[in-house]
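The values are calculated or read from the model by the stated rules, or taken from the named source; none is laboratory data. Quick caveat: nothing in here was measured; it's all calculated off a predicted structure. FYI the Cβ positions are ideal-geometry reconstructions off the backbone, even for glycines, and counts take in every protein chain you see. Surface areas here come from the heavy atoms of the whole protein model, side chains and all, with no ligands, DNA or RNA. Shrake-Rupley method; radii C 1.70, N 1.55, O 1.52, S 1.80 Å.
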Amino acid sequence: MKRCHFNSWVAKTFLFPSYRAITLLYNSFFKDRRNECKPEDINHERIHQIQQIECSIVGLILGIILWLSFDISFWWVLAPTFGFFYLWYGIEYLIILCFAKWGKQNESYHDVSFEEEAYSNEKNEDYLKGDRKLFAWFKYIKLRSYKK
């Protein structure tokens, strides 16, 4: 999974000035050219790509269960398939903001399980080649577990 787009108008248009990259729907968009990006930044976003695929599988299963249980349109299966990662991320971030009592907003952002896994392993080049277990971000689901 190496869907990285460098010097991207998406990143330049939608990201805050202090952010360098974003991963949306299994694609990573970087503001800088490839030769200007640090390898750990690319690895960080590739970890998010894998997390999004895992969440899409869970979302697809939930969507199919909803579709079969409530006789809704099949198109509603797509919402949890592509939205589960963002829904989980948002709910977890809100819980952290309400209960973790971090001093700075940036610290609470790092405590989100997806971000914590990515930051903890971005410098390990072998992490995505075999060191990582499925749904590894689950072990980072704890309030104030991020270590600076």
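Match the structure shown to one of the listed values (i) -0.33; (ii) -0.27; (iii) -0.39 of log10 I(q)/I(0) by the Debye sum over Cα atoms at q = 0.10 Å⁻¹, computed from it, and give that label. Of the labelled values, this structure produces (iii).
Rounded if a/c is under 1.5, else prolate if a/b is larger than b/c, else oblate: which is segment 1-62, with a ≥ b ≥ c the root eigenvalues of its Cα gyration tensor? In terms of gyration-tensor shape, prolate. For Cys4, the residues 5 or more places off, or on other chains, whose built amide H falls under 5 Å of its own are Ser28. In the chain, what percent of the accessible surface is made up of carbon and sulfur (1.4 Å probe, ligands and nucleic acids excluded)? Looking at the chain in its full context, I get 63 percent from C and S.
With a Cα cut-off of under 24 Å and a minimum spacing of 8 residues unless on different chains, the lysine pairs in segment 1-141 number 16.
Span-like helix check, the chain: qualifying full DSSP H segments, with Cα axial length of 20 Å or more and mean Kyte-Doolittle of -0.5 or more, are 39-70, 78-99. With both labels modelled 7 Å from their Cα along Cα-to-Cβ, the Phe74 to Phe99 distance reads 3.9 nm. Based on C-alpha pairs under 8 angstrom that are at least 6 apart in sequence, the chain has a relative contact order of 20 percent. The calculated 222 nm mean residue ellipticity attributable to helices in the chain amounts to -16500 deg cm²/dmol, summing -39500 (n - 2.57) over DSSP H runs of n ≥ 4 and dividing by all residues.
The HN-Hα couplings worked out from phi for segment 134-140 by the Karplus form 6.51 cos²θ - 1.76 cosθ + 1.60 (θ = phi - 60°) are 4, 6, 4, 5, 4, 6, 9 Hz, whole numbers, x standing for Gly and Pro.
Which aspartates and glutamates does Lys142 reach when only Cα atoms under 14 Å apart count, and residues fewer than 8 places away in its own chain are ignored? Result set, ordered by chain and number: Glu92, Glu107, Asp111, Glu115, Glu116, Glu117.
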